[in-house]
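Below: the structure, in structure tokens.
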Amino acid sequence: MQIPIKLTDKIFYVGVNDRRTALFENLLPIEKGVAYNSYLIDDERVALIDTVHIGQIDKFLKKIEAIIGSRPIDYLIINHVEPDHAGSVKIISKLYPNIKLVGNKKTLGMIEGYFGIKENVIEVKEAETLTFGHNSLQFFTIPMVHWPESMVAHNKENKILFSSDAFGSFGTLDGGIFDDEMDFFTFEEEMRRYYANIVGKYGNPVQKAFEKLSPLEIKMIASSHGPILRKHIDEVFSWYNKWSRYETDEGVVIAFASMYGNTEEMAEAIARKLAEEGIKSIKIYDVSKTHSSYIISDIFRYKGLILGSPTYSNELHPNMEALVSRLSHIGIKNHYVGVFGSCTWAGAAVKKLNEFAANVGCELIGEPVEEKQALKEEKYNACRNLGLAMADRLKKSE
Ligand code: FEO
């Protein structure tokens, strides 16, 4: 027995929670789980908007059957082919053999590639509308938010935007499905971590999507992950707008690798000076302890970034190398960057961190500091000077 969850009289939530998967995309830790949201329009014709990860298919089918019983589904709208949403397309197609798969040209190419399905498909063009009775959906592509085929569907009758990955978040829906049924702001951190790591590279496409969707009337946003928004749409729009413009708050992330504590001691010296200079938001992360996705999320939040590493086999420490590699892929912008490190016989890490800062086009702040063996007075003071230079630059920042 399931009591259906209604967005409107004829539109239902049929998404599921996943509390078992440890790594999203087999990469990003999801301690708070994730919701795969899907929606069902039960009108004169039945339309399902996206499916769920294949591991959740049983729960998903029960929710659908609780609403439509043995009636068939006429359309499956595929807003995004990534398998957390399209993973059950093949099973749904077998269970409902007359179902029509709806997508744009790129979607349908991927559906053929992933599932070998090329019959019973409907290609929709930009801004085309499908009507199911009293409800319709109009489709708009939002390329690279998150894949090239990504698409949203707008239900003009109820002013609902089915936004796919856009405006999504990690975290399960624990009873509350709508943002006004929960302490919504607890989702902000996980929404930013989701954005920074999944869509963060694509700030310009996000801005283009905003432009394209701005004429639409929107009273509810039903994304593919996280809460359905009907109270806090303006706040989430402003967060997305800020993140996609790479705008940041005053504060500093100090991320370090340290084998035996010497580089960590340098990080502490820099942080102390920042605090003495009045910088209140300072986050120190050991890259061997904290997953890079959390560090990257805070880097999207704060303007200052200070990276430290020991030299390891004439390279960066491997965990710092992994972090700067991710940051290079994402292409962080508009940051002030400082660098420091230590070595035992020959230094290479600080040079490589300098190269990283130059390559991503960020402004290098202060003098790089590299200590040999234990931290001594001269380099301790150089660390404090680096903290001072970063604090001064942040305070002068517009
Ligand atoms: Fe939630 Fe890009 O998939």
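The values are calculated or read from the model by the stated rules, or taken from the named source; none is laboratory data. Model, not experiment: these values are computed from the prediction. Virtual Cβ from ideal backbone geometry, glycine too; neighbours counted across all protein chains shown. Surface areas here come from the heavy atoms of the whole protein model, side chains and all, with no ligands, DNA or RNA. Shrake-Rupley method; radii C 1.70, N 1.55, O 1.52, S 1.80 Å.
The figures follow:
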{"item": "Pairwise label distance in nanometres, Glu44 with His134, each label 7 Å out on the Cα-Cβ vector", "result": "1.3"}
{"item": "Choice from Ser164, Ser214, Ser38 showing the highest fluctuation, given a GNM over the chain with Cα pairs closer than 10 Å", "result": "Ser214"}
{"item": "Computed [θ] at 222 nm, helices only, for the chain once each DSSP H run of length n ≥ 4 contributes -39500 (n - 2.57)", "result": "-10000 deg cm²/dmol"}
{"item": "Extension gain (nm, one decimal) between Asp58 and Asp174, 0.36 nm per residue minus Cα-Cα", "result": "39.9 nm"}
{"item": "Ordering of 245-257, 180-192 by packing [mean C-beta count within 10 Å, highest first]", "result": "245-257, 180-192"}
{"item": "Fraction of the pair-distance distribution of region 276-317 above 15 Å, Cα-Cα pairs, percent", "result": "52"}
{"item": "Fraction of the pair-distance distribution of the chain above 34 Å, Cα-Cα pairs, percent", "result": "37"}
{"item": "Ordering of 298-308, 17-27 by burial proxy (mean other Cβ atoms within 10 Å per residue, highest first)", "result": "298-308, 17-27"}
{"item": "Distance (nanometres) between label positions extended 7 Å along Cα→Cβ at Glu31 and Lys105", "result": "4.6"}
{"item": "Cβ-based charge dipole, the chain, positive-most Cα from Phe115, Gly331, Ser313", "result": "Phe115"}
{"item": "Where labels lie 7 Å past Cα in the beta-carbon direction, separation of Ser281 and Asn381 in nm", "result": "3.3"}
{"item": "Packing-based ranking, highest mean first, of 339-351, 145-157, 385-397 given that Cβ atoms within 10 Å are counted", "result": "145-157, 339-351, 385-397"}
{"item": "Anchor Lys118: aspartates and glutamates whose Cα lies under 13 Å away (excluding residues fewer than 8 positions away in-chain)", "result": "none"}
{"item": "Positive-pole candidate from Leu130, Val145, Pro215, dipole of the chain, charges at beta carbon", "result": "Leu130"}
{"item": "J(HN,Hα) series, region 149-164, from Karplus relation 6.51 cos²θ - 1.76 cosθ + 1.60, nearest Hz, glycine and proline x", "result": "8, 3, 9, 10, 10, 10, 9, 6, 4, 10, 6, 9, 9, 8, 9, 6"}
{"item": "Accessible area of Lys63 in the full protein assembly, 1.4 Å probe (Å², nearest 10)", "result": "50"}
